[in-house]
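Everything below concerns the one structure shown next.
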Amino acid sequence: MFAYTMRRLLMLIPVLIGMTLITFSIVHLIPGNPAQVILGETATAEAMQNLEESMGLNEPYAVQYFIYVQDLLQGDLGTSLRSKAEIAKEIWPYIAATFELTFFAMLFAIFIGVNAGIISAWKQNSWFDFLAMLFALIGVSMPVFWLALMEQWIFAQELSWFPATGRQDNRDPMEPITYFFVIDSILHMDFTRVITTLKHLVLPSIALGTIPMAIIARMTRSSMLEVMKSDYIRTVKAKGSGQFLVIYKHALKNAFIPVLTVIGLQTGVLLGGAILTETIFSWPGIGSYVYQAINYRDYPVIQSGILVVAFIFVIINLVVDLMYKFIDPRISY
Amino acid sequence: MPETILELNELHTHFFTDNGEIPAVDGVSLSVNKGEVVGIVGESGCGKSVTSLSIMQLIPQPPGKIVSGEINFKGENLANSSNKRMKQIRGNEISMIFQEPMTSLDPLFTIGNQLREAIQLHNKMSKKEASDRALDMLEMVGIPRPKEVLSEYPHQLSGGMRQRVMIAMAMSCDPEILIADEPTTALDVTIQAQILDLMKKLNQEKDTAIMLITHDLGVVAEICDRVVVMYSGQVVEEGTTREILKDPKHPYSQGLIKSLPKIHEREQKLYSIPGTVPKPKMGVKGCRFAQRCPMAFERCFQEDPELYPLENNRRSRCFLYDDAKREVTENANADIRS
Ligand SMILES: Nc1ncnc2c1ncn2[C@@H]1O[C@H](COP(=O)(O)OP(=O)(O)OP(=O)(O)O)[C@@H](O)[C@H]1O
Ligand code: SF4
Ligand SMILES: [Mg+2]
């Protein structure tokens with residue numbers, strides 16, 4: 001396991017180099033001169049030259065890239081053009097917001113999806129199977145923004161069960177520590193706040209988690225059905241074991257390998273592409289952060305945002321690979 | 001009179017598919033005595049596996065279903081047994097091993113885990129006790145370095161070793177009867193012989209009855225006391241191994257034995273029964289073997305032959321042995337000899 005982990009970590013190096021090469025070239029692919037973009041149309045030639053020099057834009061690309069990577073390694077993501085703040089510091093609350101939302105959305109998706117898939121496979125062709133798969137079909141084909149708006153209308157506006165937007169009650173904000181608000185409210189030992197924070201998470205988590213839930217349910221079902229036909233399941237039955245042991249020990253573990261792939265992919269998608277949901281729920285996540293930056297042509301922020309999202313993708317991939325190895329002893333590359 | 005522990009009586013197991021009802025097991029009657037090794041032989045598709053899975057109540061359902069008949073195990077009809085009762089019997093009183101040792105063990109759990117599971121399902125034992133028992137079982141089936149193997153995964157073992165593990169697992173609760181569905185077919189010849197030797201040894205030492213399914217008459221000659229020949233979902237002949245190999249009565253058995261390669265005779269070409277096994281169908285009239293039978297006569301296409309009793313507890317499903325038509329038999333036998 002250790003050697004495998006080490007090998008997988010080494011394999012990350014070329015991926016990371018590729019990633020930084022791409023984010024590095026973004027700046028140089030933006031039409032026009034970066035200095036011009038920063039200073040605006042009316043800038044004087046002299047001002048532009050000064051800026052180019054101070055930013056090192058006159059250096060050869062190789063040198064610029066080297067400096068860029070050196071900065072990254074020291075945790076320096078550059079400075080936002082708009083707020084003039086250090087991006088590495090500024091970006092964290094947004095990342096935390098996205099992480100927290102993704103975590104709860106995936107928790108919802110995995111818990112419901114996997115269990116619905118198991119029961120559907122177990123009771124194949126029953127009314128439960130039929131209804132669950134119908135819902136899954138509706139789930140994957142429903143536009144997220146529509147679901148989000150319906151949730152807000154029914155559960156926030158009409159029933160007032162959950163708040164419609166935001167991460168916390170803005171009239172009574174809390175002193176952030178980690179910026180994971182659930183953790184922070186626990187650290188503050190403020191349990192009414194824990195409840196409010198969780199309540200804020202319900203609607204966006206469901207909106208965001210519905211598509212992954214539907215995909216996971218369908219994948220679990222088909223994978224379970226496949227595994228249930230296998231010889232080793234017949235062996236377990238021939239030993240005299242009951243349904244529970246067959247399904248939850250042997251079938252589920254074997255069926256989980258392809259489900260894990262889907263979970264990893266979907267987590268990546270949520271972390272990187274939830275701009276629409278974040279906007280509807282006024283959720284200050286990484287998606288909205290980058291979206292604003294695009295509007296302001298704040299390219300260091302765009303660059304860093306893309307880099308962070310890509311990095312998270314890579315890390316999720318790594319975690320999934322390590323989990324494969326943990327589940328399946330046959331994997332040995 | 002030897003004690004009968006398993007007796008199938010007119011067992012019918014059918015599959016209900018989109019292409020209609022398939023009578024895969026079409027009225028099978030046979031019995032296994034205590035400590036006996038009974039071979040079930042027949043070409044591919046004749047219903048051997050379905051028969052054995054029916055006994056275990058492990059027919060995939062749907063599409064399969066035991067339509068009628070009895071499975072009497074020590075005086076209890078398993079065909080009507082509850083699922084709860086079957087769980088107690090499977091792996092404990094009746095065990096089964098399968099053709100594919102490569103895929104019959106769960107790839108994600110260690111050998112030790114899977115052996116312990118079988119042991120603990122039927123015995124109140126701590127993990128430690130079950131592990132000791134598992135180790136004993138691995139030693140008994142002749143696995144080298146059994147201690148290490150306990151913590152290894154199936155993919156680390158060869159096919160022959162995995163089949164030994166399967167046997168260890170099947171024997172771990174001292175069953176009355178072991179059903180082995182082509183246990184050596186997927187293995188190479190030397191390993192085959194070792195596995196057969198092991199089964200013979202367990203049969204003698206533990207007095208476990210074995211129902212050995214195979215299409216290899218060589219395997220039958222090696223270890224079986226008695227043979228049941230199946231054709232198209234039915235038993236067509238039954239008798240002791242020695243008698244059936246020496247003097248097969250049913251034309252199908254005669255064909256099977258004729259197609260065995262012989263060591264002393266240098267035959268240029270191996271004999272094979274002309275035609276192929278017909279797919280089992282509902283409402284077939286006449287002898288199932290009639291289309292391929294060299295001795296078929298008119299009656300064979302019109303009526304269903306019964307299992308006619310012969311001397312020495314033999315039975316044969318062929319009109320040639322119908323007492324009412326004894327003279328036909330005599331003539332036919334004269335034909336065979338000539
Ligand atoms: N799941 C199933 N669905 C439909 N028909 C089936 C199914 N399983 C078996 N059968 C039918 O039952 C018949 C007997 O099959 P069975 O597996 O018992 O043959 P066998 O004698 O074990 O052959 P082999 O030597 O190839 O293992 C076959 O003709 C097949 O068409
Ligand atoms: S009954 Fe007729 S067809 Fe059938 S095996 Fe006997 S002789 Fe052949
Ligand atoms: Mg078979």
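The values are calculated or read from the model by the stated rules, or taken from the named source; none is laboratory data. Quantities reported herein were computed from a predicted structural model and do not represent experimental measurements. Please note: Cβ atoms are built from the backbone with ideal geometry, for glycine as well, and neighbour counts cover all protein chains shown.
Laid out as a table, the results:
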| read-out | value |
| --- | --- |
| Which listed residue, of B:Ile273, B:Ile257, is away from ligand 2 (no atom under 14 Å from the Cβ), modelled with pLDDT under 85, more than 14 Å from chain A (Cβ to nearest Cβ) and under 24 Å from B:Gly39 (Cβ atoms) | B:Ile257 |
| Failed item in (1) at pLDDT 90 or above; (2) within 17 Å of A:Val202 (Cα to Cα); (3) in a helix (DSSP H, G or I), with A:Leu137 passing the rest | (2) |
| Candidate set from the stretch B:36-51 (those that are of a type in the set (S, T, N, Q) and near ligand 1 (Cβ under 6 Å from one of its atoms)); member that is modelled with the lowest pLDDT | B:Ser44 |
| Failed item in (1) free of Cβ contacts under 8 Å to residues at least 60 places away in the same chain; (2) within 16 Å of ligand 3 (Cβ to nearest atom); (3) farther than 21 Å from B:Leu53 by Cα, with B:Ile191 passing the rest | (2) |
| Filtered residues of the stretch B:106-119 (kept if buried (at least 20 other Cβ atoms within 10 Å of the Cβ) and either more than 9 Å from every other protein chain (Cβ to nearest Cβ) or β-branched (Val, Ile, Thr) (or both)) | B:Ile111, B:Gly112, B:Leu115, B:Arg116, B:Ile119 |
| Residue under evaluation B:Met102, criteria (1) within 16 Å of ligand 2 (Cβ to nearest atom); (2) among the hydrophobic types (A, V, I, L, M, F, W, C); (3) surrounded by fewer than 20 Cβ atoms within 10 Å (Cβ to Cβ), criterion not met | (1) |
| Of all residues in the stretch A:29-77 being of a type in the set (Val, Ile, Thr) and in contact (Cβ under 8 Å) with a residue 60 or more places away in the chain, the one that is surrounded by the most Cβ atoms within 10 Å (Cβ to Cβ) | A:Val37 |
| Restricting the stretch A:248-278 to residues that are surrounded by fewer than 20 Cβ atoms within 10 Å (Cβ to Cβ) and under 24 Å from B:Arg162 (Cβ atoms), the residue that is nearest to the other protein chains (Cβ to nearest Cβ) | A:Lys253 |
| Residue among B:Ser95, B:Ser68, B:Ser82 that alone is touching a residue at least 24 places away in the same chain (Cβ under 8 Å), away from ligand 3 (no atom under 16 Å from the Cβ), among the small types (Gly, Ala, Ser) and surrounded by fewer than 16 Cβ atoms within 10 Å (Cβ to Cβ) | B:Ser68 |
| Test for A:Thr23: is it assigned by TED's automatic domain parsing to the domain that holds A:Gln243, under 30 Å from the mean Cα position of the chain (by Cα) and more than 30 Å from A:Val246 (Cβ to Cβ) | no |
| Residue pairs meeting the criteria (Cβ under 9 Å; at least 6 apart or on separate chains; first more than 14 Å from every other protein chain (Cβ to nearest Cβ) and aliphatic (A, V, I, L, M), in the stretch B:40-59; second in a helix (DSSP H, G or I) and within 11 Å of ligand 3 (Cβ to nearest atom)) | B:Ile40/B:Lys48; B:Ile40/B:Thr51; B:Ile40/B:Ser52; B:Val41/B:Lys48 |
| The listed residue being crowded, with 18+ Cβ neighbours inside 10 Å, β-branched (Val, Ile, Thr) and under 30 Å from A:Val37 (Cβ atoms), out of A:Ile112, A:Ile91 | A:Ile91 |
| Test: residue in the stretch B:187-208 that is buried (at least 21 other Cβ atoms within 10 Å of the Cβ), closer than 28 Å to B:Glu76 by Cα and within 16 Å of ligand 1 (Cβ to nearest atom) | no |
| B:Met230 vs. criteria within 16 Å of ligand 1 (Cβ to nearest atom), within 14 Å of chain A (Cβ to nearest Cβ), in contact (Cβ under 8 Å) with a residue 24 or more places away in the chain and in contact with a strand residue (DSSP E or B) (Cβ under 7 Å, 6 or more places away or on another chain) | no |
| Top-ranked residue in the stretch B:137-161 [being in contact with a helix residue (DSSP H, G or I) (Cβ under 7 Å, 6 or more places away or on another chain) and within 11 Å of chain A (Cβ to nearest Cβ); ranked as surrounded by the most Cβ atoms within 10 Å (Cβ to Cβ)] | B:Pro154 |
| Residue count, the stretch B:209-225 (criterion: β-branched (Val, Ile, Thr) and under 11 Å from B:Val41 (Cβ atoms)) | 4 |
| Residues satisfying the stated conditions in the stretch B:194-236, i.e. part of a loop (DSSP other than H, G, I, E, B) and within 16 Å of ligand 3 (Cβ to nearest atom) | B:His215, B:Asp216, B:Ser232, B:Gly233 |
| Among residues of the stretch B:275-303, those that are exposed (fewer than 15 other Cβ atoms within 10 Å of the Cβ), more than 16 Å from ligand 1 (Cβ to nearest atom) and within 24 Å of the chain's Cα centre (by Cα), counted | 0 |
| Residue in the stretch B:72-87 that is more than 16 Å from the chain's Cα centre (by Cα), away from chain A (no Cβ under 14 Å) and among the basic types (Lys, Arg) present | yes |
| Matching option when the condition is more than 27 Å from B:Gly218 (Cα to Cα) and in contact with a strand residue (DSSP E or B) (Cβ under 9 Å, 6 or more places away or on another chain), among B:Gly69, B:Gly112 | B:Gly69 |
